[in-house]
Structure formats: C-alpha cells, structure tokens
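Just below is one structure, and these are the notes that go with it.
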Amino acid sequence: MKLSIVKKHRVKSGVRAPGPGQRVPGPESLVESPDEHWMQQALALAQRAEAEGEVPVGAVVVLNNELIGEGWNHPISSHDPSAHAEISALRAAARHMGNYRLPGAVMYVTLEPCVMCAGAMVQSRIDRVVYGATDAKTGAAGSVFDVLQSRELNHRVEVESGLLAEACGTLLQSFFQSRR
C-alpha cells in the first residue's frame, strides 16, 4: 500500500521574485496563501499518481498548518477499489495522530470527493475540505450528491471548491486525453 507519513513541518509563505524585466508586484500578490500552498502539495501528489499510471488525484490532510497525512490515487496498482487519494491521506493522518478522529483537520484534494471518500471524511470528523476540480459525474461535495453537508448525518464538513481548479482540471483532462 502506498501511504506515507510525513514529518511535521510548518508552511512558510514564500516570496516570488520577479523575473528580468518584470515589475515588482504589490504586497498582496507576493505571499502564497496557506490554502494555495497545500493545494500545490496535493497537485504534486496527483502528478505522482499520473506517473504511476493512475488517475491523477492527490490529497493532503493538514492540522494547525502542519502536514499530517498525504495520499495519491493507486487503486489499479494496489488492486484496491478504496485506494483513493483521500482515503490514503486520511489513513496516514489517523496513524500519525493515533486516532481515527481528526477534528480541526483540513483536507486539500485536487478533485471533488466521491461518495466513499466524503463518507470517510464525515467519519473522521475533519472540519473542512478544499478541492480543486469539480466532478460532474460522481462528486459528493455538492455537484451530484451533498454528503458532506447532509443534515441526516451526525457531522458536517465545511466545503470550499475551485481552488486551483484550472490546474487540477487540466491535469485530469490531459491524463484522459492521452488514454483515448
């Protein structure tokens, strides 16, 4: 199983230096937001999945701005239909924390979660999920189903969508176009 637990590290907002001949941007554009930083980490994991021949989806779980779990899609290579990026990231985070409940945690994932992954998020009690690309066929964070905000369940997960959606969507589209 391809799960990894990463040593805790804090995000330091990076400053991007302008290239030759470029003017210096205003202060608001010099600092990458923590949400963008973590989504970039999820995108890097999605690229890892793609390199392994898997659908390019990546996910990270963050608590107090520290990485506690990460995962990427690998159901084909692991012969495991539950080996989605989100499930792998939740498993790694739970092992890291020594608890299957992850209150206060945030998941960043490149594609809107499916029903299985959304259910696992509810069970883990994460506070928030931030996703990039919308999944119009199987999305369970509001596109097709709304598992994460269901009043019938005992926990609701705050949802933010569309962060780096173009980059996330382009990666998926390129992957599927290359398969046709």
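The values are calculated or read from the model by the stated rules, or taken from the named source; none is laboratory data. Source: prediction; values computed, not measured. Please note: Cβ atoms are built from the backbone with ideal geometry, for glycine as well, and neighbour counts cover all protein chains shown. Just so you know, the surface numbers come from the protein's heavy atoms only, side chains and all, with ligands and any DNA or RNA stripped out. Shrake-Rupley method; radii C 1.70, N 1.55, O 1.52, S 1.80 Å.
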Matching option when the condition is at pLDDT 95 or above and closer than 17 Å to Asn154 by Cβ, among Met121, Met107: Met121
Any hit, region 46-54, residues being closer than 24 Å to Gly142 by Cβ, out of contact with any strand residue (DSSP E or B) (no Cβ under 7 Å at 6 or more places or on another chain), at pLDDT 95 or above and not in a helix (DSSP H, G or I): no
Selection count, region 138-172, where residues are aliphatic (A, V, I, L, M), more than 19 Å from Glu70 (Cβ to Cβ) and either in a loop (DSSP other than H, G, I, E, B) or in contact with a His (Cβ under 6 Å, 6 or more places away or on another chain) (or both): 3
Pairs where the first residue, in region 52-75, is open to solvent by 10 Å² or more (accessible area, probe 1.4 Å) and the second is among the small types (Gly, Ala, Ser) and in a strand (DSSP E or B), C-beta under 8 Å, 6+ apart: Glu70/Ser4; Glu70/Gly58; Glu70/Ala59; Asn73/Gly58
Leu102 vs. criteria at positive phi, open to solvent by less than 70 Å² (accessible area, probe 1.4 Å), under 17 Å from the mean Cα position of the chain (by Cα) and aliphatic (A, V, I, L, M): no
Residues within region 98-137 that are assigned to a helix (DSSP H, G or I) and within 21 Å of Pro34 (Cα to Cα), tallied: 1
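A quick yes/no check of all residues on (1) in contact with a helix residue (DSSP H, G or I) (Cβ under 7 Å, 6 or more places away or on another chain); (2) surrounded by 15 or more Cβ atoms within 10 Å (Cβ to Cβ):
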residue: Glu112; (1), (2): no, yes
residue: Ala120; (1), (2): yes, yes
residue: Arg125; (1), (2): no, yes
residue: Asp135; (1), (2): no, yes
residue: Ala141; (1), (2): yes, yes
residue: Leu148; (1), (2): yes, yes
residue: Glu152; (1), (2): no, no
